1. Can you name every one of the strands (runs of 3 or more DSSP E) wholly within segment B:154-227 that holds 2 or more residues which are assigned by TED's automatic domain parsing to the domain that holds B:G35, touching a residue at least 24 places away in the same chain (Cβ under 8 Å) and within 23 Å of B:R78 (Cα to Cα)?
2. Check B:A128 against each of (1) within 11 Å of another protein chain (Cβ to nearest Cβ); (2) within 21 Å of B:S173 (Cα to Cα); (3) away from ligand 1 (no atom under 16 Å from the Cβ) and name the one condition it does not meet.
3. Confirm whether B:L159 is buried (at least 22 other Cβ atoms within 10 Å of the Cβ) and more than 19 Å from B:L90 (Cα to Cα).
4. In segment B:34-64, which residues are touching a strand residue (DSSP E or B) at 6+ places or on another chain (Cβ under 8 Å), over 19 Å from B:L159 (Cβ atoms) and among the β-branched types (V, I, T)?
5. What is the one condition in (1) within 14 Å of another protein chain (Cβ to nearest Cβ); (2) modelled with pLDDT of 85 or more that A:A15 does not satisfy?
6. Could you tell me whether any residue of segment B:71-92 is surrounded by 22 or more Cβ atoms within 10 Å (Cβ to Cβ), more than 16 Å from ligand 1 (Cβ to nearest atom) and among the polar types (S, T, N, Q)?
7. Please specify each residue of segment B:74-87 satisfying the condition of being more than 10 Å from chain A (Cβ to nearest Cβ) and not in a strand (DSSP E or B).
8. Name the residues in segment B:91-116 that are more than 7 Å from every other protein chain (Cβ to nearest Cβ) and small (G, A, S), would you?
Amino acid sequence: MNKTLRLIDYSISEAIESIRRNGYAGLAVVSTTAFTLCILWSFVMVSVAAAGYTDRQVDRFEISVFMKVDSTLEDAEALANKIKALPGVGKVTLKQKEEEWENFKIKHSYLDAGGLPIDTLPYAMSVQPKSPEDTVSVAEAIRKLQGIDAVFERQEFYTKILAISKVIKWAGLIGAAVLFFVCAAIIGNAIKLSIYARRLEIQTMQLVGATWAFIRSPFIYEGMFFGACGAVIGAVVVILGNNLISSNIRTFLKMTELLQSPMPGKTVFWGMLLCGVAIGALGSLNAVNRFITRYASPGESVNE
Amino acid sequence: MIKFQNVSVRYDNGVHALNDISFEAEKGEFIFLIGSTGSGKSTLLKTIYKQVNPTAGSIFINGTDLGSLKERQIPLLRQKLGIVFQDYKLLPTKNLWENLAFVLRSVGRDKREIKGLISEILEFVGLAAKPDALPRELSGGEQQRAAIARALVNRPQILIADEPTGNLDPTTSMEIMEILDIINREANMTMIIATHDKNVVNSMKKRVIALEKGEIVRDEKEATYDE
Ligand SMILES: Nc1ncnc2c1ncn2[C@@H]1O[C@H](COP(=O)(O)OP(=O)(O)OP(=O)(O)O)[C@@H](O)[C@H]1O
Ligand SMILES: [Mg+2]
């Protein structure tokens, strides 16, 4: 075995030893972690759902531009280029007049369209803003251009929904981030106690020449273990809860289009595990950096 | 090998524990550090493994100035030293074997290697029969020997011992000194041993450095406890 493997081997067995010694205290940490991670992940799922919803709404923010009836194809192409050059404009599609005409005839078959000449239909184009928020300003800018008969945008209602879903998305993310740190603090506290319980050992280790990594890594592994255990338990709860909710109110959610499909169990499991391990590592690293020198500095005796 | 150059230590509370200490120790030398209580013996030893830093002067080990060591180099220094602490510092929750193994593991030694090193040293200090005993299940002399075994198990270049025979009866004290003497001769290990023990010092006839109020008042080869 090389030195790194020995370090890992040593750290894991020391971490197991420490967890064994902690007993019920460890159980408390794991269950608190599981609980916090459940809420955290719910926030993540709500946020992901809201973001997905927003993405699916983007094409609804199309702006329809109708030109004056007497404009020519050249006018239309020139206008299309002008619109393209406006700030915030994504895609501009010039509608083929013939195609539109056919559509028009199909849609309005009750009218006797046969007698109408094709030229009664104006050139039209659809404009997609780069981001939905820009719809109004882009439409306003287009209205100021020459040769336009009418500009329509379907804005208000969707803007409101979008604003709400944006708030939900960010609130979810912020909530998740807050819980991330809360959870890291919970695990960090457990590691702090573990460090305190082993301060004599740590002091002695330092005096006999144990390196930074050998002293600290057992605690990091311990924290990661707590995080992983909490995550696995939490993931089971979230997956079960997810299935329960979505089978009961899927129709409702489908209707509101908030959830197109629930997050797959695999994603939940690996996502939460990764999250839990990261939280454990962060929390314990912080505890180790703060408390090893405070509780177990061998130089302490200088000031005793 | 070890060189003290005008070393002084002044603790935060204003006590001058060491005052302008200078001496040199050759490789393989055996030195007794004597002096009444509070004379600065433990402080001097602590400066060698950097638990205490001099407030003036410099200490060199194998030519390296300890004052120039970075925080992360201190473990490497200590790995070259074997330290017997005045209060043993055996881990109360680990048995004898684990107390030695943890030192070797925490400095990154291989598992198989560890087994051999521990068996050998326990045999040598006469504790081969008690690897499973917790420190509190050992007698004072056995704990002392356990502490010595732990200091020696990583095969250090220098042994630093703070009263390794304090609280022991004269016979046990002599046994322990004989152990150290054998290692000193066979491994050519440098040894600095702080002690109050007149008998031990007088029977060994080694170099003696005497401290008084933090100053060296005598440094003599093949010496006895009193002048
Ligand atoms: N951590 C400390 N903080 C402040 N003063 C200290 C500290 N350690 C020791 N001293 C003081 O420094 C002086 C020397 O102490 P030291 O422990 O080196 O003596 P010693 O020779 O080892 O004594 P003993 O034989 O009792 O072990 C004493 O006056 C002691 O009170
Ligand atoms: Mg002392």
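The values are calculated or read from the model by the stated rules, or taken from the named source; none is laboratory data. All values reported here derive from a predicted model rather than from experimental measurement. Cβ placement follows ideal geometry from the backbone for every residue including glycine, while neighbour counts extend to all protein chains displayed.
1. Values: elements: B:158-162, B:190-194, B:207-212, B:215-220.
The qualifying strands (runs of 3 or more DSSP E) are B:158-162, B:190-194.
2. So the condition that B:A128 fails would be (1).
3. Details: buried (at least 22 other Cβ atoms within 10 Å of the Cβ): yes; more than 19 Å from B:L90 (Cα to Cα): no.
For B:L159, the condition - buried (at least 22 other Cβ atoms within 10 Å of the Cβ) and more than 19 Å from B:L90 (Cα to Cα) - is not met.
4. Selection gives B:T55 alone.
5. Here A:A15 clears every test but (2).
6. no
7. First, the residues of segment B:74-87 that are more than 10 Å from chain A (Cβ to nearest Cβ): B:84, B:86-87.
Residues satisfying the conditions are B:Q86, B:D87.
8. Correct list: B:A101, B:G116.
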